[in-house]
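S.K.: The structure is given below, and queries will be raised subsequently.
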Amino acid sequence: MSFPAALHTEWIKIRSLRSLVGSLLAVPLAMAGLSLLICGTLGRPVPDSTDFDPVLFSYYGLSFGQLAAIVFGVIAMAGEYKNAGIRISLAAVPNRTLFYAAKLAVVGGAVLVVGLVASLISFLGGQALMDRGFGIGIADPGALRAVIGCAFYLALISLLAAGVAAVLRSVTGSLSVLVPLVLIISFVVGDVSQGGGAADFLPDRAGQRILLQHPSGALGPWSGMAVLVAWTALAVGAGWWALRRRDA
Amino acid sequence: MTRIDVQDLRKEYGSTRAVDRLTFAVEPGRVTGFLGPNGAGKSTTMRILLGLDRPTSGTALIGGRRYADLVEPLREVGALLDAQAAHGSRTARAHLRALAASNRIPVRRVDEVLEEAGLTAVAGHRIKTFSLGMRQRLGIAAALLGDPSVVVLDEPSNGLDPEGIIWTRELMRSLAREGRTVLVSSHLMNETASFADHLIVLGRGRLLADTAMRDFIDSRIRPRVRLRTTEGGRLRALLLGKGFDPVPREGGLWEVEGARVEDIGPIAARDGIPILELAQEEATLEQAYLDLTAGEAEFASASTPLNQEA
């Protein structure tokens, strides 16, 4: 049983399902589309406000992109459990660790690629559309870090989602945990640039520190990303444990 | 030649025992029918055999190895467990291609098995548009993908049309003729009788019988002869004297329990009794099976509420 063969299988599985192709393409479409729209229409600092961050501003659509990444990760993993289809998959690849690793590698890899595309379009297009004088270039401080960091952020979020889905084995069940955890709480608590408190350590808020040009507060860009990695490792580890322990 | 060896297998779900100290072997070169009512433990045993469920104790080996230790399992064991399990939104071809890729089976095999299963015309259609019979065909196609020496099919004729049933029967027989090991579960007796050479019968997770099908029937059901004669009274007296007990049936027919045509024919001929019709009534697998399960009093009374197929 070879890892490349298992990867190939997982790739065929993804590209042969419309729901997976669709949610994967929705990452750049939703994220870059909304980012460009907002930058083109509102791309200037609010008067009297000092916290305008031109880098973060071009990632306005990230919430929608990450929602698509979550849906993608959940469907890719939980979809296996629909009608016990996992039995067919595990009969073909009985080494569960290998199966799981291949699935995650393809999910994370695919999101990393589309995330990078989404990130580049959002940043370059967004900066170009902003009011003259506010847009910055990729060589400016924090810009390249944000462009690459955003792609990794999306990939990690999709892996987090896949890990949760491997534990819960259901699309709706997984989304009902992930959407509040990653999307709703942050909306309720407030803007990511307003640091402070335990909410900073939520996976999305910690991971999005890398999008700030000049982050301040408890978590820097890389330590924030490390917190997200820890969350992802927790979910992926729990999924691995569940997959190995349970009857298929 | 690859044997399946199940040794002292046990599987418990909480306090229910789905499989109970089960030991049997499945030999190559013949079709082994795996019989038992729903909930007898057939599917559980098959899932354990394929490494999907973990046994509470005991082993289930294929060619002396655990399924999980096979390097490219689809090339050695082909299985149909549940025709509904294939993802409905994929096309039949994509489903098989994904399976083939994992075991480095050449893509041309996908088209070959689609053709063999009569699915070439619908290969590009989504599986959710398939009837149950077509899904069964797809499941069997998937089982054949790696040209395996062991084939395990769980209720393959479920939902098939008459043509499909004949196709699976011929397929199983030809797989066995090629020297493969074929294990087929069913709860349909007449269906099983049409393809199986050997039987393994389960009840409540325990082994009830492991025997050649012919022996199974002959050992449980006494043979019976049906005859028609112009001199019923004379023949009856004659046969009573030889220890047989002919019983008159409607239409001038007689039935003789526990007799074979070889017994009756010569007796009648010796005394010049004209015989208009003489036929052996073959006992069916169903009769033999019901006889077996009736003997299992505990089994018969408790088999209905027990269902661990899920």
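The values are calculated or read from the model by the stated rules, or taken from the named source; none is laboratory data. Every value quoted in this text rests on a predicted model; they were computed, and no experiment measured them. Please note: Cβ atoms are built from the backbone with ideal geometry, for glycine as well, and neighbour counts cover all protein chains shown. Heads up: the accessible areas ignore ligands, DNA and RNA and are worked out on the full protein's heavy atoms, side chains in. Shrake-Rupley method; radii C 1.70, N 1.55, O 1.52, S 1.80 Å.
S.K.: Quick check, is A:Ala102 over 21 Å from A:Gly173 (Cβ atoms) and part of a helix (DSSP H, G or I)?
M.R.: Here the answer is yes, as A:Ala102 does meet what is asked.
S.K.: A follow-up question, please. Output the residues belonging to the range B:103-126 that are within 30 Å of the chain's Cα centre (by Cα) and either within 7 Å of another protein chain (Cβ to nearest Cβ) or closer than 27 Å to A:Ala101 by Cα (or both).
M.R.: B:Asn103, B:Ile105, B:Arg109, B:Val110
S.K.: If the requirement is being open to solvent by 40 Å² or more (accessible area, probe 1.4 Å), in contact (Cβ under 8 Å) with a residue 12 or more places away in the chain and within 14 Å of chain A (Cβ to nearest Cβ), which of these qualifies: B:Thr59, B:Thr23, B:Thr16, B:Thr45?
M.R.: The conditions single out B:Thr16.
S.K.: Which one is most open to solvent (accessible area, probe 1.4 Å) among residues in the range A:1-11 that are assigned to a helix (DSSP H, G or I) and more than 7 Å from chain B (Cβ to nearest Cβ)?
M.R.: Out of the qualifying residues, it is A:Trp11.
S.K.: If B:Ala121 satisfies all but one of (1) open to solvent by 30 Å² or more (accessible area, probe 1.4 Å); (2) touching a helix residue (DSSP H, G or I) at 6+ places or on another chain (Cβ under 7 Å), what's the number of the condition it fails?
M.R.: (2)
S.K.: Can you tell me which residues in the range B:62-90 are open to solvent by less than 40 Å² (accessible area, probe 1.4 Å), facing another protein chain (nearest Cβ under 7 Å) and farther than 19 Å from B:Ser149 by Cα?
M.R.: B:Ala85, B:Ala86, B:His87, B:Ser89, B:Arg90
S.K.: Got a number for residues in the range B:1-29 being assigned to a loop (DSSP other than H, G, I, E, B) and under 18 Å from the mean Cα position of the chain (by Cα)?
M.R.: Of the residues in that region, 4 qualify.
S.K.: Can you tell me which residue within the range A:15-67, out of those that are within 14 Å of chain B (Cβ to nearest Cβ) and within 22 Å of A:Leu120 (Cβ to Cβ), is nearest to the chain's Cα centre (by Cα)?
M.R.: A:Ser23
This table checks each residue for (1) under 29 Å from B:Val19 (Cα atoms); (2) modelled with pLDDT under 95.
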| site | (1), (2) |
| --- | --- |
| B:Gly41 | yes, yes |
| B:Leu52 | yes, no |
| B:Ala83 | yes, yes |
| B:Ala86 | yes, yes |
| B:Leu96 | no, no |
| B:Ser102 | no, no |
| B:Glu112 | no, no |
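S.K.: Restricting to the range B:193-240, give me the number of residues that are under 34 Å from the mean Cα position of the chain (by Cα), surrounded by fewer than 16 Cβ atoms within 10 Å (Cβ to Cβ) and assigned to a helix (DSSP H, G or I).
M.R.: Residues that pass the stated criteria total 4.
S.K.: Is the range B:182-202 home to any residue that is modelled with pLDDT of 95 or more and under 24 Å from B:Asp111 (Cα atoms)?
M.R.: yes
S.K.: Looking at B:Met172, B:Met134, which is the one that is crowded, with 22+ Cβ neighbours inside 10 Å, free of Cβ contacts under 8 Å to residues at least 24 places away in the same chain and part of a helix (DSSP H, G or I)?
M.R.: Unique residue meeting the criteria: B:Met134.
S.K.: Right, another one. In the range B:241-273, which residues are outside any strand (DSSP E or B), surrounded by 12 or more Cβ atoms within 10 Å (Cβ to Cβ) and among the hydrophobic types (A, V, I, L, M, F, W, C)?
M.R.: B:Phe244, B:Ala259, B:Val261, B:Ile264, B:Ile267, B:Ala268, B:Ile273
S.K.: Let me ask another. With the checklist (1) under 28 Å from B:Arg47 (Cα atoms); (2) of a type in the set (D, E, K, R); (3) away from chain B (no Cβ under 14 Å) in hand, flag the one item A:Asp140 doesn't pass.
M.R.: Single failed check for A:Asp140: (1).
S.K.: Go through the range A:131-171 and report how many residues are β-branched (Val, Ile, Thr) and free of Cβ contacts under 8 Å to residues at least 24 places away in the same chain.
M.R.: 1
S.K.: Can you name the number of the only condition in (1) facing chain B (nearest Cβ under 9 Å); (2) within 24 Å of A:Gln208 (Cβ to Cβ); (3) polar (S, T, N, Q) that A:Asn83 fails?
M.R.: Condition not satisfied by A:Asn83: (2).
S.K.: Does the range A:155-170 include one or more residues that are farther than 17 Å from A:Arg205 by Cβ, of a type outside the set (A, V, I, L, M) and open to solvent by 10 Å² or more (accessible area, probe 1.4 Å)?
M.R.: Yes: one or more hits.
S.K.: Go through A:Ile121, A:Ile88 for me and flag whichever is without any contact (Cβ under 8 Å) to a residue 60 or more places away in the chain and over 14 Å from the mean Cα position of the chain (by Cα).
M.R.: A:Ile88
S.K.: Let me ask another. Mind checking which pairs have a first residue in the range A:214-234 that is part of a helix (DSSP H, G or I) and a second that is basic (Lys, Arg) and buried (at least 20 other Cβ atoms within 10 Å of the Cβ), Cβ under 7 Å, 6 or more apart or different chains?
M.R.: A:Pro221/A:Arg209; A:Gly224/A:Arg209
S.K.: Open to solvent by 60 Å² or more (accessible area, probe 1.4 Å), modelled with pLDDT under 85 and in contact with a helix residue (DSSP H, G or I) (Cβ under 9 Å, 6 or more places away or on another chain), is that true of B:Glu282?
M.R.: The answer is yes for B:Glu282.
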